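Data first, discussion second: the structure below is written as structure tokens.
The values are calculated or read from the model by the stated rules, or taken from the named source; none is laboratory data. Small disclaimer: the values here were computed from a predicted structure and weren't measured. Positions of Cβ are generated from backbone atoms using ideal geometry, with glycine treated the same way; all protein chains shown enter the neighbour counts. Surface areas here come from the heavy atoms of the whole protein model, side chains and all, with no ligands, DNA or RNA. Shrake-Rupley method; radii C 1.70, N 1.55, O 1.52, S 1.80 Å.
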Amino acid sequence: MKMLLTVLCLLGLSSPLAAAEPAGIARMHTFLQDVKTLKADFQQTVLDSNLKQVKQSTGTLVIKRPNRFRWDYAKPNEEVIVADGKRLWLYDVALAQVTVKPLNDTLAASPAVLLSGSNDVEKSFTVQDLGEKDGLAWVNLVPKVKDTDFENVRLGFKGEDVSVMELKDNLGNTTRIVFDHVQRNVAVSDGVFKFTPPAGADVIGDTGDGKPHG
């Protein structure tokens with residue numbers, strides 16, 4: 001489920017940009033208002049509470065507003081996370097297991113859909129401008145609901161694009177995702193976000209096919 005938390009996060013706010021906004025918040029609003037689709041490569045690093053690296057992954061990301069995204073983890077373990085607008089699919093290739101969850105209001109306040117949702121970010125998060133560091137303009141987002149598995153999410157913007165996302169969970173672990181080769185507003189087929197469980201995979205959750213799973 002940690003992969004669900006990391007996923008993460010890419011698209012979907014609509015609040016207007018105010019002239020007096022701090023730089024980081026202004027860039028966040030502009031980015032989320034302008035981006036309709038996005039493609040990127042990513043490198044994800046997980047650090048424990050002592051900031052010791054415990055895992056590193058690479059993959060690709062595709063987003064299409066509203067509420068559609070696909071994260072393909074290639075190395076070291078193949079995993080796929082797909083939101084099709086109604087459901088969130090998590091496929092662990094090694095385990096041959098698919099978990100399905102509804103895209104409801106609870107997930108709207110999670111990093112999984114932070115940047116791909118259609119609601120204003122301030123409805124689900126308290127937003128704080130952190131200023132500039134290492135050439136990036138940073139913002140911090142703290143969930144307003146209390147029953148979450150994470151404490152906060154930080155977004156770092158370079159120019160017009162999101163460059164880094166950092167998530168800290170309730171155990172003190174930090175997941176850092178660095179985006180590269182970002183392409184915005186390119187043509188993306190809806191078929192990219194259609195997921196069909198592979199033959200033989202164990203399926204847990206409601207797939208919408210009327211059949212019991214799990």
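The table for this structure:
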| quantity | calculated |
| --- | --- |
| Boolean, ASN140 is surrounded by 12 or more Cβ atoms within 10 Å (Cβ to Cβ), without any contact (Cβ under 8 Å) to a residue 40 or more places away in the chain and under 30 Å from LEU51 (Cα atoms) | yes |
| Which listed residue is over 17 Å from GLY85 (Cα atoms) and either open to solvent by less than 50 Å² (accessible area, probe 1.4 Å) or without any contact (Cβ under 8 Å) to a residue 40 or more places away in the chain (or both), from LEU61, LEU38, LEU32, LEU51 | LEU32 |
| Elements of type strands (runs of 3 or more DSSP E) in the range 123-214, at least 1 residues being closer than 28 Å to ARG87 by Cβ and of a type in the set (Asp, Glu) | 150-158, 161-169, 202-204 |
| Elements of type strands (runs of 3 or more DSSP E) in the range 24-106, at least 3 residues being touching a helix residue (DSSP H, G or I) at 6+ places or on another chain (Cβ under 7 Å) | 79-84 |
| Residues satisfying the stated conditions in the range 171-194, i.e. over 18 Å from PHE31 (Cα atoms), among the small types (Gly, Ala, Ser) and open to solvent by 40 Å² or more (accessible area, probe 1.4 Å) | SER189, GLY191 |
